[in-house]
Amino acid sequence: MEDKLVTLAIHTYEKAQILKTILETEGIEVYIMNVNQIQPVISAGVRVRIKESDLPHALRIIEDHKWLSEEDEAETETSKTKKVLIPIDFSDYSIKACELGINYAHKVGAEVMLMHAYFSPYFPSAIPMGDTLAYQVNEEESVQNVLKRVQVDMQNICTHINRKMNSGELPKVKYDYVLREGLPEEEIIAYSKDYHPTLIVMGTRGKSQKDMDLIGSVTGEVIEVNRVPVLAIPENVPFNDLGEAKNIAFATSFNQRDLVAFDEFMEIIKGYDVHIHLFNISTSKNEWNGIRLSGVREYFKKHYPDANISHTVLDDGDLLIAVEKFVRDKHIDVIALSTYRRNLLARMFNPSIARKMLFHTDTPLLVMHA
């Protein structure tokens, strides 16, 4: 009787091919399933299948190579407790982000860590500061005095949170705070590597501010460099609970990164009743955009049959203008997109789509690194 096939693993197309190569060099027949025949490289959720009799041998090979076991083990360890990191600077817009982050944490069963990074007199006063504006202090002011002042402000915001939790305006969740001395963007990135949050929620001033005020944006820098999903909340957002968002737009450029990011996106919004609007971030005149977008939509519908998904092809022309019109016409509450790591010079001279959107919209922005 012929061996039946069993699924050994589910990976992206790239990782599935690596695993297939490893197993075939050891004499194991491998079958790849769920591959997009038109554009194989944008396949996600690819099943690696083998004969049932080869399963023990295959598992030993994977264990010996440890090519994914360490990564999976780390993910399992950090996913035991969901965590939300909320960097704050005690401004109104960071308090808005704080309240939204707490509501989100309650929804997904996560704990919350408030974080504030502050400057001491030992940091040069010429250092540019962005959204998370810390304290500019006199040369003679001691580090101890700065720390005391920061602690008082943090206690005040904790009192504000406790009062809202006790009155029922905010749900009761487990939360704590941490104070770090240094550049905000550097400290947020460094701390998130230790804390392993599932989401970072940050406030930003929004498009009412001058562009020059935002060039050194801490939120923008964290989005560019950090690997953790970031939810950027402009100060004029009319809600403080993601549950009130009914329309979420997901930007796609039809590549593998976007499909992987969409999996992460769906995990973040799991349990929320939202309408997902797929839209293209290429506004060049290309008749294939509509066809590709429709194809991506069908792919998502196959893998997420219960999700409410539609697609829109943006108008030709300037991307930011097209996005703002799309957001206005479709009543979009949150824009989600993926970005990827760029070197410092590229970030300075060619800002990413995510950073451009951050500075030109009052709509919350959810960014995943794919």
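Rank-order 14-22, 269-277 by packing density, defined as the average count of other C-beta atoms within 10 Å over each peptide's residues, highest first. Could the numbers behind the result be given before it?
Working: 14-22: 17.8, 269-277: 15.6.
Ranking, from highest mean packing down: 14-22, 269-277.
Stretched out fully, how many nm does the piece from ILE291 to ALA307 gain, at 0.36 nm a residue minus the Cα gap?
Stretched out fully, the ILE291 to ALA307 stretch lengthens by 3.7 nm.
Stretched out fully, how many nm does the piece from ARG328 to LYS270 gain, at 0.36 nm a residue minus the Cα gap?
18.4 nm
Since every read-out is calculated from the coordinates, none of them should be taken as a lab result. Quick caveat, the model's predicted, so the values are computed rather than measured. Cβ coordinates were reconstructed from backbone atoms using ideal geometry, including for glycine residues, and neighbour counts include every protein chain displayed.
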